1. What nm distance separates the two modelled labels at D82 and E19, each placed 7 Å from Cα along Cα→Cβ?
2. For K238, give me every one of the lysines with a C-alpha distance below 21 angstrom, ignoring sequence neighbours fewer than eight places off in its own chain.
3. Which distance in nm do the two modelled labels at A113 and V282 give, with both placed 7 Å along the Cα-to-Cβ direction?
4. Given the Cα-Cα distance of K199 and R320 and 0.36 nm per residue of separation, how much length would full extension add, in nm?
5. Give me the accessible area of M411, 1.4 Å probe, in Å² rounded to the nearest 10.
6. Find the Rg to Rh ratio for segment 272-412, where Rh is the Kirkwood radius over alpha-carbon pairs and Rg uses the same atoms.
7. Calculate, for segment 174-305, the solvent-accessible area per residue in square angstrom, rolling a 1.4 angstrom probe over the heavy atoms of the protein chains.
8. By how many nm would the segment from H133 to A313 grow when fully extended, if each residue of separation counts as 0.36 nm and the alpha-carbon distance is taken off?
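The values are calculated or read from the model by the stated rules, or taken from the named source; none is laboratory data. Computed from a predicted model, the values in this text were never measured in an experiment. Positions of Cβ are generated from backbone atoms using ideal geometry, with glycine treated the same way; all protein chains shown enter the neighbour counts. For the accessible areas, the whole protein counts, side chains as well, though only heavy atoms, and no ligand, DNA or RNA atoms are used. Shrake-Rupley method; radii C 1.70, N 1.55, O 1.52, S 1.80 Å.
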Amino acid sequence: MEKGISDSDSGRPAAVPGERPNIGIFGKRNTGKSTLFNLLLGQNVAVVSDLKGTTTDPVRKSMELDGVGAVTLIDTPGYDDDGDIGSLRVEQSVKSAASCDVALVIVDGREDALDRRWTEYLEGRGATVIIIHKEDIMQGESLRETGVSLRVRDNVFAKIRQALASKDSDGSPVTILGDLVSEGDIVVLVMPQDKAAPKGRLIMPQMQTVRELLDRGCMPLCVSPGNLAGAFGSLSSKPRLVITDSQAFSSVRSAMEKAFAGAESAPAGMFAPEDMEVISDVIGGVPLTSFSILFSRYKGDIRIFKEGAAKIASLAPGSRVLIAEACAHRPLNEDIGRVKLPALLRRKVCEDLNIDVVAGSDWPSDLGGYDLIIHCGACMFNRKLVLSRIADARCSGVPITNYGLALSALMR
């Protein structure tokens, strides 16, 4: 494999899926999308054929882009596909567009009305569009046979780097914890391991948060809820911050109230306003938040999510609620999205609720019938996809929040 390009088989650790920028390849059928896909990867991953409609489903491949890091490249079906099956393929391209930070649009000759419509659509979804002409990649049969054209590939890579660099400077959150912690701070992490947690591993938000704390020179103290009182008692000074799994909010609040009873409150100006947005409570001078609340800012728009959480109390008999999970795991008895959240909503707000659950890439094309959307922390999604879903909800006039803020409101 050539310098600057590698994947998970190369031995180099790849970024978690939700951290990778997504780069989608779009165009009509038989314009060379799969050829470009293989060309950028340096591998013959996608099937290339003269027949229209060879790519029937999005093909995703992780790679390492020199100067950027791990990215996900997506080859999509042609957006001019027709017929009943063709319309389903186009729908898959639409779903892929929601997560793309950069869109490579291949045009055959001059752009026509359909090309322009898709270019405008992709730009409207927040993707940076790079137009590539078919003749720039289809340079004879030798290209199809060898997959090698350094001039074309390097030129496209340069444009992708430039597009991603501009997105990195748009003010989006770049860390999970912001300025909540500094080097040397003790941070207590309350980490229950339910049945959905992979055996022998931490769930993604826990793992990423611990890693960031270590990288920033902090001292994370990881405990289960049952050991929290003992952990607080072992410390010679109060921790800078307590981060809990959202499901343990109530027990963690109680443990903090006992441990820090009579302690001084947090001084005014302890945190910047943007960091106070992710603080659920300050108990005895110690701020409390959750992994999901931290991710609501890191992956989405916490202000919009807070507005959505405030709408929970206004749900009434017959209200429709959509719960969206990034993971498409097998439902379990302890499942937060399918079991715990619905039970809490019905017990604390209103018994007669209509609750739908979608998982993975599933997302209703029409949200208009819902009164509230509750999204997971989206550790498996990139920020672009979460923001696209927030935009969909706002266009439909439906409030949206996330698991952490919803549970914080329900468990008070």
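1. Going by the 7 Å Cα→Cβ label model, 4.6 nm.
2. K258
3. Result for the modelled spin labels: 5.9 nm.
4. 40.1 nm
5. Result for M411: roughly 30 Å² accessible.
6. Looking at segment 272-412, the ratio lands at 0.95.
7. The answer is 45 Å² per residue.
8. Residue separation times 0.36 nm, minus the Cα-Cα distance, leaves 59.5 nm.
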